Amino acid sequence: MKETEITLSIRDVEIPAVLNSSTPAKEFINMLPYTVRLQKYDHDYCGVMSALPYKREELRNGWTNGDLAFASDGNYFAILYKDEEISEQYGNM
């Protein structure tokens, strides 16, 4: 799977990140630079963004801490930072 390196800019902090070659990731790359207003939640920083196309077979449940994700059930961009051990209960990512 081809990966694309990007940099997340959060205020004065720059964080290196990697996007996979999924359908939403490819579309997101075409939208860069892109701004998402994030809110801190229990296990992620999350914000609503424009809808991205996706293939049903690319959706999965759960995450690994540190993942970037697009949650298709609400058009959410998320930076997931904890609770990977219980994350399989969350789907459509």
Response to the item:
Mean accessible area per residue over the chain (1.4 angstrom probe, all protein chains present, square angstrom) is 71 Å²
Worksheet item: Quick one: ranking R37, R60 by accessible area, 1.4 Å probe, largest first, what do you get?
Response: R37, R60
Worksheet item: Expressed as a whole number of Å, what is the distance separating the alpha-carbon centroids of region 56-76 and region 5-45?
Response: 13 Å
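Please work out the Cα convex hull volume for the chain and give it in Å³ per residue.
Dividing the Cα hull volume of the chain by its residue count gives 100 Å³.
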Response to the item:
Straight-line reach check, K26, cutoff 15 Å on alpha carbons, 8 or more apart in-chain or any other chain, hits among aspartates and glutamates -> E3, E5, E58
Worksheet item: Under the Karplus relation 6.51 cos²θ - 1.76 cosθ + 1.60, θ = phi - 60°, what is the ordered set of whole-Hz ³J(HN,Hα) values for region 12-23, x standing for Gly and Pro?
Response: 9, 10, 10, 10, x, 8, 10, 9, 7, 9, 5, 4
Worksheet entry | Carbon/sulfur fraction of accessible area - the chain, other protein chains in place, 1.4 Å, % | 45 percent
Worksheet entry | Heavy atoms of I86 accessible to a 1.4 Å probe, total area in Å² rounded to 10 | 80 Å²
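The values are calculated or read from the model by the stated rules, or taken from the named source; none is laboratory data. Owing to the predicted nature of the structure, the values given are computational and were not obtained by experimental measurement. Just so you know, the surface numbers come from the protein's heavy atoms only, side chains and all, with ligands and any DNA or RNA stripped out. Shrake-Rupley method; radii C 1.70, N 1.55, O 1.52, S 1.80 Å.
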